[in-house]
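Written below as structure tokens is the structure these notes are about.
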Ligand SMILES: [Zn+2]
């Protein structure tokens, strides 16, 4: 038999990660640690979504910051409901939807850039040895493909990048974009189809005839 | 597994043995997998990771600044409302003390005083106004429909 008091036993129960709603409520009522935890929890997916549309990592960081601030502002407006306790707010979906909207504003400019490999943006940590021909061809193909992504119709692009950059399930994609899951799957299908066609046009050798 | 079913598992399911088996004998799905792999971005570089490490504190200090600014704007707005109210009360008192004056005159003072105060406020905090409008624009009016473009 354990000699621990019920109170002590309660303290030993492992505590799972707090929900986004709980963290929002805590930070809005003064817990600065909850703020940091929310940002750290979602920062990478937001940054990856936005990096596709920006020339530099710093630009992607600026946009990420804006996305978080707007999502926190939305959460702040929901504080009265949050404090009632029974309400869960879809903070992640809000955040990603805001990021998608910020990206949309960048997309038109980004699609006009020359097809430079993203690796060239931040060469730190890259090998200094001259890349082999095969590697160059691969980098060029990837750069062309990423440019083709930016030229996809908006909804197809949003679904595809939420899948590829964000690793979201189709259900999450759907709730982020406010569409049905079936609709998200359809957009994904057409996005892949269109990408294949575009890549074949841009670089006929990129996709081997099989 | 059909080709359509497989496509929906890409790109994250590409390493699944069942997916690999399908890709080994289906050229069309293999092309889709290759295109999606090429569409992916490279992993975050060490410097990007380092920069991301500072995001939380940057967002937090910006948030605190915005909240202070919001507090100041609300404070000044409160003062402006109080001042306008004071002007109305004062004009009423003046009219009571001097009923010989025509009644509408004090009322004519009020609309002039109020916009004047508001103009000063808008000039004093253009950033706050911008921040507000960007929040309003971005949320909650984000529900976009239609698949145009
Ligand atoms: Zn197939």
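Computed from the coordinates by the stated procedures, all read-outs in this text should not be read as laboratory data. It should be emphasised that the depicted structure is a prediction, and the values quoted were computed from it without experimental measurement. Heads up, the Cβs are rebuilt from the backbone with ideal geometry, glycines too, and the neighbour counts pull from every protein chain shown.
How would you order A:148-154, B:9-15 from highest to lowest mean count of nearby Cβ atoms within 10 Å?
A:148-154, B:9-15
By how many nm would the segment from residue A:169 to residue A:109 lengthen if fully extended, with 0.36 nm per residue of separation less the alpha-carbon distance? Before the final figure, lay out each step's value.
Numbers: separation 60, 0.36 × 60 = 21.60 nm, distance 2.82 nm.
So the extension gain works out to 18.8 nm.
Roughly how large, in nm² to one decimal, is the mean projection of the convex hull of the alpha-carbon atoms in segment A:17-114?
Mean shadow area of the hull around the Cα atoms is 6.2 nm².
Apply 1/(1 + (r/R0)^6) to the Cβ-Cβ distance of residue A:62 and residue A:197, taking R0 = 51 Å, and write down the FRET efficiency to the nearest 0.05.
0.90
Taking segment A:128-210 on its own, what percent of its Cα-Cα pair distances exceed 22 Å? It would help to have the intermediate numbers written out before the result.
Details: 1208 of 3403 pairs.
Value for segment A:128-210: 35 percent of Cα pairs lie more than 22 Å apart.
Once fully extended, how much extra length lies between residue B:40 and residue B:89, figured as 0.36 nm per residue of separation less the alpha-carbon to alpha-carbon distance?
That works out to 10.9 nm of additional length.
If you count, for each residue, the other Cβ atoms within 10 Å and average over each peptide, how do B:83-89, A:97-103 line up from highest to lowest?
A:97-103, B:83-89
Enter the mean number of other protein chain beta carbons within 10 Å of the beta carbon of each residue in B:45-51, as an integer. Could you put the intermediate results ahead of the total?
Working: counts 9, 3, 5, 12, 4, 2, 7.
The per-residue average across the peptide is 6.
Could you tell me the calculated FRET efficiency between residue A:81 and residue A:55, based on Cβ-Cβ distance and R0 = 35 angstrom, to the nearest 0.05?
0.35
Compute for segment B:1-44: radius of gyration divided by Kirkwood radius, i.e. Rg/Rh, restricted to C-alpha atoms, rounded to two decimals.
Ratio of gyration radius to Kirkwood radius for segment B:1-44: 0.97.
Which whole number gives the average, over all residues in B:57-67, of C-beta atoms from other chains lying within 10 Å of the residue C-beta?
Going residue by residue through B:57-67 and averaging, the value is 5.
Return the average number of partner chain Cβ atoms within 10 angstrom of each residue Cβ along peptide B:21-32.
Mean inter-chain Cβ contacts per residue within 10 Å come to 2.
Would you please give the FRET efficiency between residue A:186 and residue B:50, computed as 1/(1 + (r/R0)^6) with r the Cβ-Cβ distance and R0 = 41 Å, to the nearest 0.05? Spell out each step's value before the answer.
Numbers: r = 40 Å, r/R0 = 0.97.
In this case the efficiency is close to 0.55.
Starting from the Cα-Cα distance between residue B:61 and residue B:3, subtract it from 0.36 nm times their residue separation and give me the gain in nm to one decimal.
On the way: separation 58, 0.36 × 58 = 20.88 nm, distance 4.94 nm.
15.9 nm is the gain from fully extending residue B:61 to residue B:3.
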